[in-house]
Amino acid sequence: MFFLYNLLVIITGFALKAVAFFNPKMKLFVEGRKNVFKTLGNKIQPKDKTIWFHSASLGEFEQGLPVMEKIRTLYPDHKIVLTFFSPSGYEVRKNSTVADVIVYLPLDTKSNAEKFLKLVHPEMAFFIKYEYWPNYLNGLKERSIPTYLFSGIFRKDQVFFKWYGGFYRKALTAFKQFFVQNESSKLLLQEIGFNNVKVSGDTRFDRVLKILERDNSLDFIEKFKNNQLTIVCGSTWPKDEVQLLDFINTNSFGVKFIIAPHNVKPEQISELKNSISKKTILFSELKNKNLADYDVFIIDTIGILTKIYSYADIAYVGGGFGTSGLHNILEPATFGIPIVIGPNYQKFSEAVALVNMGGCISVKNKKELEETLSLLIQNEDERFEKGHISSTFVQMNKNATEIILKNL
């Protein structure tokens with residue numbers, strides 16, 4: 001099975017190089033891996049002590065940040081090595097100061113894993129939430145390097161729990177300890193023979209609570225809001241925007257809208273702006289404009305959405321009308337805001353929990369979305385109640401980082 005797996009990874013590697021000629025994101029994926037081993041050789045010496053963290057993408061990085069920051073404090077003499085699988089994580093956080101070395105993770109071939117582990121020679125390894133690369137895990141196990149998964153979440157439809165999943169189940173034996181988000185994940189692992197499992201919760205709650213400790217003010221958002229009720233639509237995809245546009249264009253409540261699309265490509269931003277009939281401004285057009293005169297503010301940049309949520313009276317979080325995945329609902333929740341999402345959220349345990357508690361509302365279509373927004377706009381008590389549930393939910397689930405560190 002290992003032979004077939006390695007062959008498939010090698011074939012995939014060649015295929016990705018071909019796709020990279022036509023796909024900018026895939027080009028970053030391929031080009032970014034070319035000098036990884038050279039970078040590691042330059043930045044890590046044989047005598048260095050290191051700890052390795054692996055993050056699939058940006059969301060997992062944010063999830064892992066509280067643990068990385070604590071480990072950095074506890075092990076000041078160690079170099080922190082952080083790897084990303086996806087360009088959407090690496091390209092945004094490649095200059096983060098939380099780690100000493102930040103690189104793409106080379107594809108999971110046996111030779112890549114051996115070379116990587118020889119250069120990095122970690123004393124501990126941490127995988128954030130998921131991504132179980134058999135060659136890397138096998139290499140860690142062979143070297144007796146303590147390896148941990150934290151904020152892990154498992155579902156019954158994953159390959160580990162299928163009759164044909166023995167190859168991947170074997171890869172999980174590399175983990176010294178699983179720190180999982182919920183009891184159902186623990187039970188699933190126990191069913192296949194893993195008892196080294198502790199329910200610690202989700203470190204994202206610790207991460208988002210730190211947001212409240214910083215300065216979240218943005219003077220241009222303050223000027224745009226102008227003390228009017230404001231709906232922030234965060235990380236939207238075209239499928240979300242289709243549902244929102246009629247309400248934005250036709251409602252007569254006098255509310256303001258801030259839209260922060262997930263994709264800020266100029267052609268998509270232009271298409272979105274042209275679809276809005278109300279007075280609209282882009283972040284890139286701020287200079288010498290009286291922002292209070294505008295009804296809709298499109299954020300065609302990245303990195304400031306979290307601060308923008310602090311100005312929201314209502315938040316719509318994107319991803320729930322498509323298949324790409326629901327985006328982060330915890331950031332608006334920590335500010336005590338009622339949250340609206342699309343129908344596809346069942347794979348996100350925090351969304352399931354907050355919907356069940358009533359702080360988050362899932363809508364199935366445009367009609368339900370318009371009815372829900374209208375209710376929240378007109379009913380201040382409803383907004384306050386659901387916002388209070390949201391902030392309480394985040395507070396109830398803090399301290400996952402502390403549990404993990406106590407049990408390493």
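The values are calculated or read from the model by the stated rules, or taken from the named source; none is laboratory data. The shown structure was predicted, so the numbers you read here are calculated from the model rather than taken from an experiment. Neighbour counts are summed over all protein chains in view; Cβ atoms, including those assigned to glycine, are modelled from backbone coordinates with ideal geometry. Accessible surface areas use protein heavy atoms only, side chains included; no ligands, DNA or RNA. Shrake-Rupley method; radii C 1.70, N 1.55, O 1.52, S 1.80 Å.
If the chain linking residue 192 and residue 10 were pulled fully straight, counting 0.36 nm for each residue of separation and taking away their Cα-Cα distance, it would gain 62.5 nm. Beyond 22 Å, the tail of the calculated P(r) for the range 188-289 holds 51 percent of the Cα pairs. Shown is the FRET efficiency for residue 39 and residue 77, computed with R0 = 22 Å from the Cβ-Cβ distance and rounded to the nearest 0.05: 0.55. Note on residue 263/residue 288: beta-carbon distance plugged into 1/(1 + (r/R0)^6) with R0 of 35 Å gives a FRET efficiency of 0.80. Contact order for the chain, expressed relative to its length and based on alpha carbon pairs under 8 Å spaced 6+ residues apart, stands at 12 percent.
Spherically averaged projected area of the convex hull of Cα atoms, the range 215-391: 9.3 nm². Extension gain, residue 70-residue 323: 0.36 nm per intervening residue step, less the Cα-Cα distance, totals 87.7 nm. You can think of it this way: the chain between residue 23 and residue 246 has 77.0 nm of extra reach, that is 0.36 nm per residue less the Cα-Cα gap. Here the label points at residue 228 and residue 214, each 7 Å from Cα along the C-beta direction, are separated by 2.9 nm in the simple model.
With the simple spin-label model, which puts each label point 7 Å out from Cα in the Cβ direction, the residue 253 to residue 385 separation comes to 1.6 nm.
Note that the range 65-168, at 20 °C in a medium of 1.002 mPa s, gets a Stokes-Einstein diffusion coefficient of 142 µm²/s from its Kirkwood radius over C-alpha pairs. Distance between the 7 Å Cα→Cβ label points at residue 371 and residue 49: 6.1 nm. Between 126, 327, 153, the Cα set farthest toward the positive side of the dipole of the chain (charges on each charged residue's Cβ, about the Cα centre) is that of 126.
The trypsin sites (Lys or Arg not before Pro) of the range 147-253 meeting both criteria, a DSSP state outside H, G, I, E and B (loop) and at most 13 other C-beta atoms within 10 angstrom of the site's C-beta, are 155, 156, 162, 214. Using Cβ point charges alone (K and R +1, D and E -1), the dipole size of the chain about the Cα centre works out to roughly 1680 debye. With the whole protein complex present, residue 93 retains an accessible surface near 70 Å², based on a 1.4 Å probe. This structure gives Cα Rg over 2.2 N^0.38 Å, computed directly, and of [x] 1.04; [y] 1.21; [z] 1.09 that value is listed as [x]. Take the Cβ atoms of residue 279 and residue 184, set R0 to 30 Å, and the FRET efficiency comes out at 0.05.
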